[in-house]
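What follows is one structure encoded as structure tokens, with my remarks underneath.
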Amino acid sequence: MRYNAEHKRDTRDRVIAAAGQIFRKEGYGGAGIDALTKAAGVTNGAFYGHFKTKSEAFRTAVLVGLEELRQAVAGLKSEQPKGWLTSFVGYYLGHKRTCALGESCALPSLSPDVIRADEETRRAYTVELQRIIAEVADGLPASEGQGQAGLPPEDRAIALLAMLSGGVTMARAVSDPALSERIAGIITRMALDAGGGSSDAPGGVASAR
């Protein structure tokens, strides 16, 4: 049976979405093809009709996840030109810290496996990360003063993303909810300081609206 282009796109999208969730939850080593196809509701043949290898599916899932992050930043900048950073940090250290692991941000959840991935995947990851850095930097205020505030916007964007990604990773890993909240609050204040935003949100964790 021959399928039309729309059906093929739909199948590919389902596989990518399922792969993103499974790789986030199980890691690259723990996610087999059978698990990916079952989650996507497709056959192994359908999977290999779109991806030659598991590593190719992983690379695509990583790139799609990073692009979702970049688009989220771009959307907030467009909707809230002045308050986007506070909303972004609050959402990242709030919902993205507590949501199901399969729905978590690709940056902290998939980057550890990218470290061990093939060179093609790492190159593609590098390009996408640079796009996210540029997107964030474009929304930060100009450099002024000393310390973090005196760094170029791109440097502050790198620091901001590193703090958010690392902070979420630590906050998710601990078993103590109070410590998780404490980590989120501390990283919120430091991230907003690095980005040049306001850190006066209640409880130390910025509120996304």
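The values are calculated or read from the model by the stated rules, or taken from the named source; none is laboratory data. Note that the structure is a prediction, hence the values are computed from the model and not measured. With ideal geometry, Cβ positions are generated from the backbone for all residues, glycine too; neighbour counts draw on all protein chains shown. Heavy atoms of the whole protein, side chains included, go into the accessibility calculation; ligands, DNA and RNA do not. Shrake-Rupley method; radii C 1.70, N 1.55, O 1.52, S 1.80 Å.
Between residue 33 and residue 6, what FRET efficiency comes out of the Förster formula 1/(1 + (r/R0)^6) with R0 = 30 Å and r the beta carbon distance, rounded to 0.05?
Working: r = 25 Å, r/R0 = 0.82.
With a Förster radius of 30 Å, E is 0.75.
Points 7 angstrom from Cα along the Cβ direction at residue 53 and residue 99: gap in nanometres?
About 3.0 nm, to one decimal.
Per residue, how many Å² of accessible area does the range 2-100 show with a 1.4 Å probe? Please list the in-between numbers first.
Values: 5140 Å² over 99 residues.
Result: 52 Å² of accessible area for each residue.
So how far apart, in nm, are the two label points at residue 162 and residue 175 if each is 7 Å from Cα heading toward Cβ?
My value for the distance between the label points is 3.1 nm.
Whole-Hz Karplus ³J(HN,Hα) for the range 154-171, in order, using 6.51 cos²θ - 1.76 cosθ + 1.60 and θ = phi - 60°, x for Gly and Pro?
Karplus-based 3J(HN,Hα) across the range 154-171 equals 5, 5, 5, 5, 4, 4, 4, 5, 5, 5, 5, 5, x, x, 5, 4, 5, 5 Hz.
Kirkwood hydrodynamic radius (Cα pairs, Å) of the chain?
On the way: mean 1/r = 0.0550 Å⁻¹.
One over the average 1/r among Cα pairs gives 18.2 Å for the chain.
With +1 assigned to the C-beta of every Lys and Arg and -1 to the C-beta of every Asp and Glu, and no other charges, what is the dipole magnitude of the chain about the Cα centre in debye, to the nearest 20? Spell out each step's value before the answer.
Numbers: 25 positive and 24 negative charges, 107 e Å.
Once rounded to the nearest 20, the dipole reads 520 debye.
Can you count the Lys pairs in the chain whose Cα atoms are under 30 Å apart, with each pair 8 or more apart or on different chains?
For the chain, qualifying lysine pairs total 15.
For labels at residue 126 and residue 64 in the simple 7 Å Cα→Cβ model, what's the distance in nm?
2.5 nm
To the nearest 500 deg cm²/dmol, what mean residue ellipticity at 222 nm is calculated for the chain from DSSP H runs of n ≥ 4 alone, each contributing -39,500 (n - 2.57), summed and divided by the residues? Don't skip to the end; give the middle numbers.
Values: 10 runs with 149 residues, N = 209.
One gets -23500 deg cm²/dmol as the mean residue ellipticity at 222 nm.
Pop out the ³J(HN,Hα) list for the range 59-68 in order, Karplus 6.51 cos²θ - 1.76 cosθ + 1.60 with θ = phi - 60°, rounded to Hz; leave Gly and Pro as x.
Karplus-based 3J(HN,Hα) across the range 59-68 equals 4, 5, 4, 5, 5, 5, x, 5, 5, 4 Hz.
Leaving out ligands, DNA and RNA, what percent of the accessible area of the chain is carbon and sulfur, probe 1.4 Å?
Carbon and sulfur atoms account for 53 percent of the accessible area of the chain.
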